[in-house]
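Engineer: Next up is a structure, given as structure tokens.
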Amino acid sequence: MFLIIGGNSEIGSATAGFIRARGADALTTTRRPVLERSEIPLNFSSPICDFKIPECVTSACVCVAVARLTACQADPKGSADVNVRQTLALIDTFVRRGVYTLFLSSNQVFSGFAAHTPPGAPLSPVSEYGRQKAEVEHVLQQRMTTGAPIGVLRLAKVVSPGMPLIKTWISELIAERPIKAFTDMTMAPVPIDIVAKSIMHMMEDRLPIIAQLSGPRDVAYSDIGDFLAKRIGVDPSLVRPISALESGMPEGATPSHTTLDSSYILERYGLAVPDAFDVIDKL
């Protein structure tokens, strides 16, 4: 039995749906009122020691996080309470029960100075969010060396159909209204379905491994805007290039590279992330 911590999140919901579509059982946690038999209440604002792990659970994935860079920078203490203290307490609870636990991390644990960063590269976070993820990873890697049933999956930008930014840009461009797009912020997008498949496979394998998943190359947000304008057939001048740094984006928001060495996922599971523009086109 699989347990998805944070079943209402984008990744959690997609992963639970994929697991069930494959004919396997998946429970999910929610901080909202429980509406389904497959849901279990869990709120990170409450003591983790009160959470009771169902006996049938063999593997879990932690999808809960305060993930916005601006939110972590604005409230480092409050966000760290969720992203570090409560997350580690929950993972330790699983480990004591022998439940394999997959922790979802981020390319933000690296500075972004180099492309296709390998899994074993030294952690070099720049953002507050990245520092929190790196702190958890540091502890988990120590646990893994002692045989704890833990895995880590680092993700670059995850995208899914209906992505608000792309949906808004398309609507504006169709109406021939200008959009603003960052020239100094990049992404190497990963489709949500590939993320869900990777999570399920890793929870099935139960291996103490650090894996990574990103697209094969970075593209600027302004390049994505240009691509959409051409795809829709409107004047490319509707895409107004601006600077993320000059617009007040938080520290760490503009790494030169977000790509990660994703060879483990490709070689073990045969999952290859398409080129950025192919990903955006399918959205």
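Each reported figure results from applying straightforward, stated rules to the coordinates on display, with no laboratory input. Remember, predicted model here, so these are calculated numbers, not experimental data. Don't worry about glycine lacking a Cβ; one is built from the backbone with ideal geometry, like all the others, and counts go over all protein chains shown.
Engineer: What's the local net charge at Met185, with K and R +1, D and E -1, over the other residues with C-beta under 11 Å away?
Structural biologist: Spelling it out: positives minus negatives among the neighbours equals -2.
Engineer: Once the principal axes of the Cα atoms of the range 117-161 are found, what is the range along each, listed largest first in whole angstroms?
Structural biologist: 39, 26, 19
Engineer: Determine the distance separating the Cα centre of the range 173-235 from the Cα centre of the range 247-283; give it in Å without decimals.
Structural biologist: Computed from Cα coordinates, the inter-centre distance equals 6 Å.
Engineer: Provide the FRET efficiency to the nearest 0.05 for the Thr145-Cys49 pair, computing r from the beta carbons and using R0 = 25 Å.
Structural biologist: With R0 = 25 Å, the Cβ-Cβ based efficiency is 0.50.
Engineer: In whole percent, what relative contact order does the range 71-162 give with Cα contacts below 8 Å and a gap of six or more residues?
Structural biologist: Across the range 71-162, relative contact order equals 37 percent.
Engineer: Which of rounded, prolate, oblate describes the range 156-196, given a ≥ b ≥ c as roots of the alpha-carbon gyration tensor eigenvalues and a/c under 1.5 marking rounded, otherwise prolate only if a/b is larger than b/c? Show your work: numbers first, answer last.
Structural biologist: Working: a/c = 4.63, a/b = 1.59, b/c = 2.92.
The shape class here is oblate.
Engineer: For a protection proxy built on the mean count of beta-carbon atoms within 10 angstrom, sort 35-42, 272-279 highest first, please.
Structural biologist: Going by the mean number of other Cβ atoms within 10 Å, highest first, we get 272-279, 35-42.
Engineer: Show me the ranking of peptides 131-143, 157-169, 59-71 by mean Cβ neighbours inside 10 Å, starting with the highest. Write down the numbers at each step before the final one.
Structural biologist: Values: 131-143: 18.9, 157-169: 15.4, 59-71: 20.9.
By packing density, highest mean first, the sequence is 59-71, 131-143, 157-169.
Engineer: Normalised by the number of residues in the chain, what is the relative contact order in percent for Cα pairs under 8 Å and 6+ residues apart?
Structural biologist: Computed over the chain, the figure is 20 percent.
Engineer: Moving on to the next point. Can you give me the C-alpha center-to-center distance between the range 18-72 and the range 152-167, rounded to a whole angstrom?
Structural biologist: So the separation of the two Cα centres works out to 20 Å.
Engineer: Taking the Cα-to-Cβ direction at Asp75 and at Ser237 and moving 7 Å from each Cα, how far apart do the two end points lie in nm?
Structural biologist: 4.5
Engineer: Now, a different point. For the range 206-283, what relative contact order do you get, as a whole percent, if you take Cα pairs closer than 8 Å and at least 6 residues apart? Don't skip to the end; give the middle numbers.
Structural biologist: Values: 58 pairs, mean separation 39.3, N = 78.
It comes to 50 percent, rounded to a whole number.
Engineer: Same structure again: Please list 3J(HN,Hα) in residue order for the range 276-283, calculated via the Karplus relation 6.51 cos²θ - 1.76 cosθ + 1.60 where θ = phi - 60°; whole Hz, with x for glycine and proline.
Structural biologist: 4, 6, 5, 5, 4, 4, 6, 6
Engineer: Let me ask another. Net charge within 15 Å of Pro149 by Cβ-Cβ distance, Lys/Arg positive one each and Asp/Glu negative one each, not counting Pro149 itself?
Structural biologist: +1
Engineer: Note the per residue figure in Å³ for the convex hull of the C-alpha positions in the range 1-87.
Structural biologist: In the range 1-87, the Cα convex hull volume per residue is 100 Å³.
Engineer: If you don't mind, another one. Is the range 52-120 best put as rounded, prolate or oblate by its Cα gyration tensor, with a ≥ b ≥ c the root eigenvalues, rounded for a/c under 1.5, and otherwise prolate when a/b is larger than b/c, oblate when not?
Structural biologist: Since a/c reaches 1.5 but b/c is at least a/b, the shape of the range 52-120 is classed as oblate.
Engineer: Let me ask something additional. Can you classify the range 211-278 as rounded, prolate or oblate using the Cα gyration tensor, where a ≥ b ≥ c are the square roots of its eigenvalues, rounded means a/c under 1.5, and otherwise it's prolate if a/b beats b/c and oblate if not?
Structural biologist: Note, shape of the range 211-278 comes out oblate.
Engineer: Could you list, in their original order, any pairs among Lys167/Lys282; Lys77/Lys180; Lys197/Lys282; Lys180/Lys230; Lys52/Lys197; Lys157/Lys180 whose Cα atoms are separated by more than 23 Å?
Structural biologist: In this structure, Lys77/Lys180; Lys52/Lys197 lie more than 23 Å apart at Cα.
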